[in-house]
Each structure stands twice: as structure tokens, then as C-alpha cells.
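Structure, as C-alpha cells:
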Amino acid sequence: MAAGTAIAGAAGTRPDPASKLLWATIDVCDSPAHPDTVGIRGSMPGNGDPHAVLYMSFRLEYRTTAGSWKAIGAPGLLPFVRVGSGAATARQAGEDATIAPSATATVLRAVVVFQWRRHGVILATYARSTTAGHTAAAGADPPGYSAATCRISRTGAGRS
């Protein structure tokens, strides 16, 4: 899915797809403390509904030699992780993935799929690919790190 992709959902209280609180970023990239690791973090706004539940799904992708992006592992969505109530202003969550370095550098990005549900009904689903310039609430290494992509290589020169 491309950055900013919207997926239709049921009628109901929908979050603003243009919200500055809706983003995905790489917050760890092959750092000394986390070798061969890519940290993915997402942020999503609440929709003001205390009965809504927020979910995220994380997918790692690599850049092909032709310049397109391909999912690592199964091409479908990974299981969704419950991240909190829709009454919250915003919620953040993240996942770390360990990547085996190859002989050539591998450029990675992630796609985070966000869902707002109420009583099991999907109100809205949006997807964002990782971008730089975001502030992670926790887990970034080094603190404050935010990137669109991550380069993993056998030499350990990860930051892109």
C-alpha cells in the first residue's frame, strides 16, 4: 500500500486521514545497541469515541533492484495489535524486526496499517509508509531517531 492509502470502512465516527498524529516511522536502524534490527513505530489519533478501539499492523518491505517495494515474508497483513481507546488524543505503538544482513546493502521501509473499530465493526482503515521527522514516545535508538528507510548491510553501516 502506498503512503496515505485509505481503505473504506463502515459508517461511523471516522478519524481525520490528514491528521498530523497519523504517521509511521523507522525509529531504530541497525544501531550499536540493536544490531541488525529495524524498529517500526506508528502514531494514530483517537476519534473521540470511548467505545472505539485502535489497532495497528506492521509490515516490513525491501526495495528491489528495480526500485519497487516488496513485503518481507507473507504479503498479507500481519495480525493487528490493540493499542488503546478511541477516546485518547493519540496512541503510539511499535514493533522491532531482526534482519539477517546480506552481502549487499538492503534498503527497508515499513507500512503501518491503522484501524478504528467499534463493537467489532471497522470504522476506518488507513495505511502509511514510513517517513522521517516524527517524535516517538518510546523506543527510539538513539533517542529522537526517525527515518523513512533503513539500510542493513554486513558491515553494520545502518543509518540511511
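Of note:
- 3J(HN,Hα) along the stretch 85-94, derived from phi through the Karplus expression 6.51 cos²θ - 1.76 cosθ + 1.60 where θ = phi - 60°, amounts to 8, x, 6, 5, 5, 7, 10, 10, 8, x Hz, with x in place of Gly and Pro.
- Ranking Tyr62, Pro143, Thr104 by Cα position along the charge dipole of the chain, where only Lys, Arg, Asp and Glu carry charges on their C-beta atoms, puts Tyr62 farthest toward the positive end.
- Rounded to the nearest 20, the Cβ-based charge dipole of the stretch 23-96 about its Cα centre (Lys and Arg +1, Asp and Glu -1) stands at 200 debye.
- Going from the fewest other Cβ atoms within 10 Å to the most, the residues Val81, Val112 appear in the order Val81, Val112.
- Student exercise, the chain dipole from Lys, Arg, Asp, Glu Cβ charges, in Debye to nearest 20: 280
- For Leu60, Leu108, order by how many other beta-carbon atoms lie within 10 Å, fewest first: Leu60, Leu108
A short reminder: the numbers here are calculations on the coordinates, not readings from a lab. Just so it is clear, the model here is predicted, and its values are computed rather than measured. Virtual Cβ from ideal backbone geometry, glycine too; neighbours counted across all protein chains shown.
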